[in-house]
1. Return the sequence-ordered ³J(HN,Hα) values of segment 305-318 in whole Hz as given by the Karplus equation 6.51 cos²θ - 1.76 cosθ + 1.60 applied to θ = phi - 60°, using x for Gly and Pro.
2. If you take every residue apart from G103 with its C-beta less than 11 Å away from the C-beta of G103, what net charge results, scoring Lys and Arg +1 and Asp and Glu -1?
3. Ordered by residue, what ³J(HN,Hα) values in Hz, to whole numbers, does segment 164-177 give under the Karplus form 6.51 cos²θ - 1.76 cosθ + 1.60, where θ = phi - 60° and Gly and Pro are x?
4. Given [x] 0.93; [y] 1.29; [z] 1.00 as candidate values of Cα Rg over 2.2 N^0.38 Å, which corresponds to the one derived from the coordinates?
5. For the charge dipole of the chain, defined by +1 on Lys and Arg C-beta atoms and -1 on Asp and Glu C-beta atoms about the Cα centroid, which residue among H408, A81, C241 has the Cα displaced farthest towards the positive pole?
6. In square nanometres and to one decimal, what's the mean projected area of the convex hull around the Cα atoms of segment 509-667?
7. Can you tell me the alpha carbon radius of gyration of segment 217-382 divided by the globular rule-of-thumb value 2.2 N^0.38 Å?
8. Beyond 19 Å, what share of the Cα-Cα pairs of segment 233-308 remains, rounded to the nearest whole percent?
Amino acid sequence: MANPLIHTRPDGRRVVRLSGAKRVLYLFKDVEKIRAQLRGETTFRMQNVEPATLLDDINTDVMTPAWVCFRHKPEDIALDAYAGLMDATNQRVFGSRALFDGGFEVIVSGQRKGTGSSRETAPQAEKWSGIGLVIAHSFAPIHLRNNINLGQLMGDYDQLRRLEAGEEIPLEEFTAKYDAVTRAILENGGLFEFGAKYARGEIRVAPPPTPARPMTMAEKIIASHLVGGDAKSCVQPHDACLVNVDGGYSHEFTTAQVHHFLQQEYGAKYRVVNPAKFAVFEDHLLYATGVARMKPFEAQIQTLRDLQREFQRHTGVRDYSAKDGVSPGICHQVAREHFVDPGDFIQATDSHTCMGGGNNALTWGVGATEYAGLIYAGFTFVKVPESIRFELTGKLRADCTAKDVILHILATFAVREDTLDRVMEFGGPGLATLSMDERATLCNMATECSARSGICEADELALEWLAARRPNLTREQLRARFVAPDKGAQYHGGVHALDLSSIRPMIAKPSDPTYGADVSALGEVKIDIAYAGSCTAGKEHDVDMYAQVLREALEAGLKVAPGVRMYLQFGSEGVRDYAKARGYLELFERAGVDVINPGCGACIGCGPGVSSAADQVTVSAINRNFTGRSGPGKLYLASPLTVAASAVRGRIASFTPGMFRTAAARG
């Protein structure tokens, strides 16, 4: 689909200009101003708009909520663009077809456009509604890349002022800030058009000529995977290169689009490379059937499942489909258990792909277009990201976890965009005190920091954990794959010392993970639901923490508080079996916990633990708490220890070993 704002002049120059027949839509914090524009009652111009009044942190759940993603054709997705944007009374700001029929060609917002999930449906909804230019102060990295892959132009406020004044702006002003490959993708209308020209030899991409230099872990992995590179290859931030991909995965939310795009581009008999290390997972929508609010979408959900199975049979990729209604587990957790190895470069269609960084691999999420391209070709385009390093020292207190660490980083570093589009590198002596599951938590929530990814250094603990799960690799082979930063490596985001002993139990207040605060400063917050599990907090170490708190409660004669429902969902079959072997299932039952089989659920609003009313309060161990993501109620994020302690207390409370015995003694 050609960009309607790009025009070719008689002299061959390509320019961007507004049509004059269509409008610019400004997304204000005051949603009534948005409604007035949708009704055609008012028009704004950038010269009269204060950027601070524009809506910040528009996440992809707002642009295309989960139920919109049940459609796999972009033209159908566009019909409900921005269906997740709600007013103070929880009513939709954009009705069905509002953007599609609104006659807009430019959309404008504030900082960090496109945070959250990697779902490419978000920019698709804008593009297929006629939007050709997206204006924002800054963009979340995966969302920015998805716009590029779709051929969507992105610009700034000054460029919009000039366009609204009637000026024609040369196309290169919008693309010159990018590397040559990204420019070619944008100027040719998207990734598939670029790929076709590359395949015909019309576009060439040579390995970057970067001289030898000290490199970060991310840079070393990219350098070792360069198409046309060798053992001496080096890269530096902002280098544009083609990079071989070791493996990846998709799930039933995204596979149907991947299959659809591949059939469109390469025909019904297309093939993929290296199917043994690519996979499909049936996890995200496992519990959607039977959930009352999902009933209208059951046919669409089944279509997604059917198309994923068709894709798996066609390609021969690893099959992690549900059997008898039970999933092998959440894709990120199972992938780190089964096939994400140190030194790997892994891409998958989910923003929490970065969880694999706990295995000393470079992993991040991509949209369906990019994934379709790389699973077909075996390589993808990468602009080498900058890095930011966290040098961990000390040891966590008994009441704190890695979740508290990452919530602290969100509230301290991410809020000021230090982590934006950078790889978060974790190392230092303090890292050795964290289990592999805790390291995975740090990397999992790098995407909440609007980072490109997270990656941890490898050590003996990592070696033992991986060796127990990779019977096909010896310890020597695993150790040889370890990647460490070079001495003198450059960190554009800085090197930040973080004393783990200084961390205190944290909570993220409703609507965004960056709204962090100490639990001790929160005050009295009664809860209705405590949710334990998800890819972030459904691992073996997390289950140990839930068991620790609930065992102490039972010993003190306590259990889940009256009026509170506590749900615990395992991240994988392996974690469920681990819990069963340690007697945790019986422990959880005695404590009054509702235990759920592996898979996604309340985290994406598709399963037990979802709130049903706006006045309900949930404390959850999941990774994001965007409005409406897990039901209409208020959602606080916390660590596994805090979630379990809160379930027993009936209010948000941090955990201190012995707290229940002390309370019982006081009567």
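Nothing in this text is a laboratory measurement; each read-out follows from the coordinates by a stated rule. Every value quoted in this text rests on a predicted model; they were computed, and no experiment measured them. Neighbour counts run over all protein chains shown; Cβ positions are idealised from the backbone, glycine included.
1. Per residue, the Karplus-derived 3J(HN,Hα) values read 4, 5, 5, 5, 5, 5, 4, 5, 5, 5, 9, x, 5, 3 Hz.
2. Neighbour charge sum, excluding G103 itself: 0.
3. Rounded to whole hertz, the list is 5, 7, x, 6, 8, 10, x, 3, 5, 5, 8, 10, 5, 6.
4. Looking at Cα Rg over 2.2 N^0.38 Å for this model, the match is [x].
5. A81
6. The Cα convex hull of segment 509-667, projected and averaged over all directions, gives 8.4 nm².
7. Cα Rg divided by the expected 2.2 N^0.38 Å: 1.08.
8. The share of Cα pairs beyond 19 Å in segment 233-308 comes to 54 percent.
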